1. Within the range 65-99, how many residues are in a strand (DSSP E or B) and in contact with an Asp or Glu (Cβ under 7 Å, 6 or more places away or on another chain)?
2. Of all residues in the range 38-64, which are assigned to a helix (DSSP H, G or I) and within 27 Å of Lys106 (Cα to Cα)?
3. For the range 37-58, which positions are under 16 Å from Thr81 (Cβ atoms) and touching a residue at least 40 places away in the same chain (Cβ under 8 Å)?
4. Can Leu38 be described as surrounded by 12 or more Cβ atoms within 10 Å (Cβ to Cβ), within 16 Å of the chain's Cα centre (by Cα) and more than 25 Å from Lys101 (Cβ to Cβ)?
5. Of all residues in the range 13-36, count the ones that are in contact with a helix residue (DSSP H, G or I) (Cβ under 7 Å, 6 or more places away or on another chain) and farther than 16 Å from Thr81 by Cβ.
6. I'm trying to understand the selection: among the residues of the range 20-33, which are under 14 Å from Glu60 (Cα atoms), among the hydrophobic types (A, V, I, L, M, F, W, C) and over 10 Å from the mean Cα position of the chain (by Cα)?
7. Only one of Ala21, Ala116 is loosely packed, with under 11 Cβ neighbours inside 10 Å, among the hydrophobic types (A, V, I, L, M, F, W, C) and at pLDDT below 95. Can you tell me which?
8. I want to confirm something. Restricting to the range 56-66 and keeping residues that are touching a strand residue (DSSP E or B) at 6+ places or on another chain (Cβ under 7 Å) and surrounded by fewer than 17 Cβ atoms within 10 Å (Cβ to Cβ), which single residue is nearest to Arg18 (Cα to Cα)?
Amino acid sequence: MKGLPPALRKRKRYIAFRLIANSEVESKELALAIWESLISLFGDYYSAHSGIWLEYFDGEYGILRCHHTALEKVKVALTLTSRVGNKEIIPIILGVSGTIKRCEKKYLEVLKDAFATDGL
């Protein structure tokens with residue numbers, strides 16, 4: 001089966017975020033919590049068409065993918081997520097990009113370099 005041509009695919013946006021938590025959070029639990037927050041805020045129908053996907057998460061920093069039409073509502077759902085299981089979290093949105101490569105370079109690599117101990 002042949003895939004859709006690029007002109008017919010939905011455009012994606014990548015949201016870089018930082019997660020402040022009192023203990024270790026697993027990526028599957030975080031994805032489920034974001035999904036539940038989106039469903040509780042906007043309902044099943046809209047959540048199914050938002051196209052959210054947790055692309056990358058290392059325990060503190062992560063990248064969340066969504067369709068460009070759902071960007072604002074996914075950002076709201078992400079910031080209103082306050083619990084993952086029985087752990088309290090504070091998500092902070094660092095920025096939004098159109099490509100995953102630019103999102104990593106602009107938001108995640110800059111922060112890792114800023115916290116380096118060598119003073120550069």
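1. Initial filter on the range 65-99 (in a strand (DSSP E or B)): 65-67, 83-84, 87-97.
Filter once more, so that each one left must be in contact with an Asp or Glu (Cβ under 7 Å, 6 or more places away or on another chain): 65, 84.
Residues in the range 65-99 being in a strand (DSSP E or B) and in contact with an Asp or Glu (Cβ under 7 Å, 6 or more places away or on another chain): 2 in total.
2. Passing the criteria: only Leu38.
3. If we filter the range 37-58 for residues that are under 16 Å from Thr81 (Cβ atoms), which is where we start, we get 37-42, 47, 50, 52-54, 57.
Within the range 37-58, Ser37 is the sole residue that qualifies.
4. Values: surrounded by 12 or more Cβ atoms within 10 Å (Cβ to Cβ): yes; within 16 Å of the chain's Cα centre (by Cα): yes; more than 25 Å from Lys101 (Cβ to Cβ): yes.
Yes: the conditions hold for Leu38.
5. 2
6. Ile20, Ala21, Val25
7. Details: Ala21 fails: loosely packed, with under 11 Cβ neighbours inside 10 Å.
Every option except Ala116 fails the conditions.
8. Residues of the range 56-66 touching a strand residue (DSSP E or B) at 6+ places or on another chain (Cβ under 7 Å): 56, 60-66.
Of the ones still in play, those that are also surrounded by fewer than 17 Cβ atoms within 10 Å (Cβ to Cβ) are 56, 60.
Details: Tyr56: 11, Glu60: 6 Å.
The extreme case among them is Glu60.
The values are calculated or read from the model by the stated rules, or taken from the named source; none is laboratory data. As the structure is a computational prediction, the values presented were derived from the model and not from experiment. Because the Cβ atoms are built from the backbone with ideal geometry, glycine has one as well, and the counts that use them run over all protein chains shown.
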